[in-house]
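What follows is one structure encoded as structure tokens, with my remarks underneath.
The values are calculated or read from the model by the stated rules, or taken from the named source; none is laboratory data. All values reported here derive from a predicted model rather than from experimental measurement. Every residue, glycine among them, receives a Cβ derived from its backbone with ideal geometry; neighbour counts consider all protein chains shown.
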Amino acid sequence: MPILSFVQEEKEQQIFFEMGATIREILDKTNIMATISGCRGNGACGLCTVQIIEGEVNKPQLNEQFHLSDDQINHGIRLACQTKPLENVQIALLYYVCESNWKRIPENEYILDTAVNSQPLNNKKTENKRKSYGVSIDLGTTNISLAVWELGKMLRVTDRQGLNGQYCFGADVMTRLTAACESVENAKKIAITTQKSIEEALLDIAIREFIDLEAIEQVVIVGNTAMLTLLSEKNYELMLNPECWEKEIDCQPEDSQNWGELWKISPEATIEVVQPLAGFVGSDLIAGILATQIIDQLDVTLLIDFGTNTEIALWDTKKLWVTSAAGGPAFEGGGISCGMHAKSGAIFKIDWTADQPDYHFEVIGTAEPRGICGSGMVDAIAYLVEQEKLNSNGRFQSQVTTEGSFILDETHKISINNHDIDVFQRAKAAVATGIDCLLDNAGMNIANIKKIIVCGAFGVSLNIENARKIGLLPEIATQNVILAGNTALAGCEMLLLNGNDKDLVETIKSKAELINLSNYSDFYDVFLKNLFLKPMREQI
Amino acid sequence: MTEETMKLLVEAIVVGDCTQSLDLARNLCDSGISAEEIVVNGIEVAMAQLDEKCTMEQFNLLEIMLTGRAAMEVIKFLFPSGEMVMARKGTVVLAVLEGDVHDIGKNILKMILIASGYQVVDCGKNCPIEKLLDVIEAEKPIAVGLSGLIFPVIPMVKQVKERMQARGIYGPKIMAGGAALKQSSKENLNVDFLAETAFDSVKYLEQLAGGELNE
């Protein structure tokens, strides 16, 4: 594939591209977010000027001649949205744009098609008349994801994903809730931080996609219950009381009008927070259930949304059994010595052949490996167990380690130690115990499960076979496991497009049966059984 | 001969092999070894070895749980009535206080304490302070162990000593441990000892018994 290269903020960037794409489209495909625009990329605004330094491109288009002088064109200056490289091309960006904190959601993390979402995602031919937009927001502990829809045309305009600014109040939910409970001022600060993160994302969309924020008429927000209570500054203190985890918790904001003013959206806009099922089951899970249509399935289906708190739902074809397992942040690379989020530089995939001790790994992005993310850990552990370098208790054979660590990549000093394995074992045992607990409650066993839906970014690059080998997923044929990506956002979009139809949510609520894992009488024994790095079996 | 069997029993408990451990314990009993001896020379030695094995970076929850389970099975076999005739080292009361429902840490400490010769009274998880104080009053333990995985339980832990003294109980030392608590300090928590691992608590109790910490 040909390469487009340029320098941005003193960094050399290289992007592979398919022939036929414009420079803007090539830039937009990456997460560099190097484009600027005052229009939808139809050559109308003339802002996205670039200089072609080397390489052949298509001839200047009519609308470029309108914005650029002959002299400029002779010096290789062009509009990024109109110029198609015909070979390797080196360019210089003639506008200044800093790297955004808000990125497009990678396509592979957004797999589910909502029924109405059959149109192309980026329709650039639409006119810029007064339109009305709707925004869906999935408020996560770590990330916030948004999607903007043009409501009249049922057209998905764009999406964004970025960090929830609340991380400065603690990485985990408990720490943030405790901080909020310390004082009303703290709680206010925490709420405003998230409101500002959303503002920042909307502004990014406004600037880069030329969307008039005042035309946003509807906002629908889903999230885990803790995040919703912190956003609405309401009932967050209940979240620290385990007795409330099974109860409904009101997260309806008293005054969402303030948020609208901050976000500079239409003063008439409706802002709705989709109410969670209970303390430990947020409306993000409701949205996920909606998007995956799990309660319409005729077969027994298991839904797992991996995270620090992994939500698990079992549809037994009549009832939806729901629980949440607090296994810690291992699936997001947390608590692991060389662990990291699934970001550029993360080892996310490891391949090997069964009869050879060699392996090779793949890294996200073009960067040098910096660490290992959750899906990389799954592969690494499956590899180590299969090669008998690690026993199913989670202990290394002494000859394979150097100073207690297995060296995965000597050059980049990436290794895995016993503690890392221990942390991962606990996380996966918590999830497996959640699954066993739901099965027990439904009077079923693992063999009854016909289909598994795995949600969340962790699931996207998950190797299903490896996950099965170490007991992270039940043993079920690979084709019956669906890696569904960000289902919470997809479900939230369905709610937005249905005018936040209460019936959709009510149907799910009426079928849901909440199970508190800490009341599971067999917890200790089942947890112990699930700590082994072995395939999940029916009770030993 | 029995010495050899005792060694094998220690090994079997350390690797967490329940069946093997029970077989060996049965053999020892059959050859006339007393339950007390099996506890002191078998189970307690195994616990000491596990302690060595579990330095911070080598810690593996599964292995500890397996060893604990094997030790408990042997104890159950030796004392089928459930009566720990030989809680010769005194009583320890354990609890996970109100606001926290994570009790694996406490359960592990419980196994290690029992296997090390202590009588344990377990107040369970999400335990109100009043209930804990009632138990302390009735059992007169040498120490109270408080385990906490999540931060919100900290304010509860802080109250225990004062409220205990308000009831006129001064004897028992208070030990704390667990993911959230061990990030604090013993001064902040107002406890007598803050344990990094379950084994630290055992060592602390042994020092108590040796009189090293008595004011």
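Just to be sure before I move on: is A:Q293 farther than 18 Å from A:A457 by Cα and out of contact with any strand residue (DSSP E or B) (no Cβ under 9 Å at 6 or more places or on another chain) in the structure I sent? When the stated conditions are applied, A:Q293 passes them.
Look at region A:208-224: where a residue is under 30 Å from A:R24 (Cα atoms) and a partner is of a type in the set (S, T, Y) and at pLDDT below 90, sitting 6+ places away or on another chain with Cβ atoms under 9 Å, you get A:R208/A:T35; A:R208/A:S37; A:R208/A:S100; A:E209/A:S37; A:F210/A:S37; A:V219/A:S256.
When A:Q425, A:Q399 are checked against the criterion of being more than 11 Å from every other protein chain (Cβ to nearest Cβ) and either modelled with pLDDT under 90 or closer than 14 Å to B:N60 by Cα (or both), A:Q399 stands alone in meeting it. Does B:E73 meet the test of being within 14 Å of another protein chain (Cβ to nearest Cβ) and either touching an Asp or Glu at 6+ places or on another chain (Cβ under 6 Å) or among the acidic types (D, E) (or both)? For B:E73, the condition - within 14 Å of another protein chain (Cβ to nearest Cβ) and either touching an Asp or Glu at 6+ places or on another chain (Cβ under 6 Å) or among the acidic types (D, E) (or both) - is met. With the condition kept exactly as written, say whether any residue in region A:199-219 is outside the structural domain of A:A325 (by TED's automatic domain parsing), within 20 Å of A:P329 (Cβ to Cβ) and surrounded by 20 or more Cβ atoms within 10 Å (Cβ to Cβ). No, because not a single residue in region A:199-219 is outside the structural domain of A:A325 (by TED's automatic domain parsing), within 20 Å of A:P329 (Cβ to Cβ) and surrounded by 20 or more Cβ atoms within 10 Å (Cβ to Cβ). Scanning for something at pLDDT below 80, out of contact with any His (no Cβ under 8 Å at 6 or more places or on another chain), part of a helix (DSSP H, G or I) and surrounded by 19 or more Cβ atoms within 10 Å (Cβ to Cβ), does region A:150-166 turn up at least one residue? The answer is no; no qualifying residue exists. The set of residues in region A:1-22 being outside any loop (DSSP other than H, G, I, E, B) and either at pLDDT below 85 or in contact with a Phe, Trp or Tyr (Cβ under 8 Å, 6 or more places away or on another chain) (or both) consists of A:I3, A:L4, A:V7, A:Q8, A:K11, A:E12, A:Q13. The helices (runs of 4 or more DSSP H) falling completely within region B:13-92 that include 2 or more residues that are modelled with pLDDT under 85 and not assigned by TED's automatic domain parsing to the domain that holds B:A143 map to B:44-53.
Taken over region A:403-452, residues that are surrounded by fewer than 24 Cβ atoms within 10 Å (Cβ to Cβ), closer than 21 Å to A:Y524 by Cβ and among the polar types (S, T, N, Q) amount to 2. Here the condition is being among the small types (G, A, S) and at positive phi; of A:G376, A:G365, it holds for A:G365 alone. Within region B:122-141, being touching a residue at least 40 places away in the same chain (Cβ under 8 Å) and of a type in the set (D, E) holds for one residue alone: B:E139. Restrict the check to region A:346-369 and report whether at least one residue is at pLDDT 90 or above, of a type outside the set (A, V, I, L, M, F, W, C) and buried (at least 24 other Cβ atoms within 10 Å of the Cβ). Scanning region A:346-369, I find no residue that is at pLDDT 90 or above, of a type outside the set (A, V, I, L, M, F, W, C) and buried (at least 24 other Cβ atoms within 10 Å of the Cβ), so the answer is no. Residue pairs whose Cβ atoms lie under 8 Å apart, sitting 6 or more positions apart in sequence or on different chains, and linking a residue in region B:50-61 that is under 21 Å from B:L9 (Cβ atoms) to a partner that is modelled with pLDDT of 70 or more and hydroxyl-bearing (S, T, Y), are B:L50/B:T67; B:C54/B:T197.
Restricting the first member to region A:77-101 and to residues that are at pLDDT below 90 and surrounded by fewer than 23 Cβ atoms within 10 Å (Cβ to Cβ), and the second to residues that are part of a loop (DSSP other than H, G, I, E, B) and of a type in the set (S, T, Y), the beta-carbon pairs closer than 8 Å and six or more apart or on different chains are A:V97/A:T35. In region B:34-49, the residue that is nearest to the other protein chains (Cβ to nearest Cβ) out of those that are farther than 16 Å from B:T5 by Cα and surrounded by fewer than 22 Cβ atoms within 10 Å (Cβ to Cβ) is B:Q49.
At least 3 residues being crowded, with 22+ Cβ neighbours inside 10 Å and within 14 Å of chain A (Cβ to nearest Cβ) is the threshold, and among the helices (runs of 4 or more DSSP H) wholly inside region B:109-193 not one reaches it. In region B:21-31, the residue that is nearest to B:E63 (Cα to Cα) out of those that are in contact (Cβ under 8 Å) with a residue 12 or more places away in the chain and not hydrophobic (A, V, I, L, M, F, W, C) is B:S21. When A:E388, A:E465 are checked against the criterion of being more than 11 Å from chain B (Cβ to nearest Cβ) and over 21 Å from A:A330 (Cβ atoms), A:E388 stands alone in meeting it. One residue stands out in region A:321-345 among those that are among the hydroxyl-bearing types (S, T, Y) and within 14 Å of chain B (Cβ to nearest Cβ): the one that is surrounded by the most Cβ atoms within 10 Å (Cβ to Cβ), namely A:S324.
State whether the residues of region A:52-69 include one that is loosely packed, with under 15 Cβ neighbours inside 10 Å, of a type in the set (G, A, S), in the same structural domain as A:E12 (by TED's automatic domain parsing) and modelled with pLDDT of 75 or more. Scanning region A:52-69 turns up at least one residue that is loosely packed, with under 15 Cβ neighbours inside 10 Å, of a type in the set (G, A, S), in the same structural domain as A:E12 (by TED's automatic domain parsing) and modelled with pLDDT of 75 or more.
When A:S521, A:S461 are screened for being over 23 Å from A:F280 (Cβ atoms) and either surrounded by fewer than 17 Cβ atoms within 10 Å (Cβ to Cβ) or within 21 Å of the chain's Cα centre (by Cα) (or both), only A:S461 passes.
For the condition farther than 26 Å from A:I381 by Cα, within 14 Å of another protein chain (Cβ to nearest Cβ) and touching a residue at least 40 places away in the same chain (Cβ under 8 Å), A:N448 does not qualify.
Yes/no matrix, rows are residues, columns are (1) within 14 Å of chain B (Cβ to nearest Cβ); (2) modelled with pLDDT of 95 or more; (3) touching a helix residue (DSSP H, G or I) at 6+ places or on another chain (Cβ under 6 Å):
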| site | (1), (2), (3) |
| --- | --- |
| A:A477 | no, no, no |
| A:N486 | no, no, yes |
| A:N500 | no, no, no |
| A:S518 | yes, no, no |
| A:S521 | yes, no, no |
| A:K529 | yes, no, no |
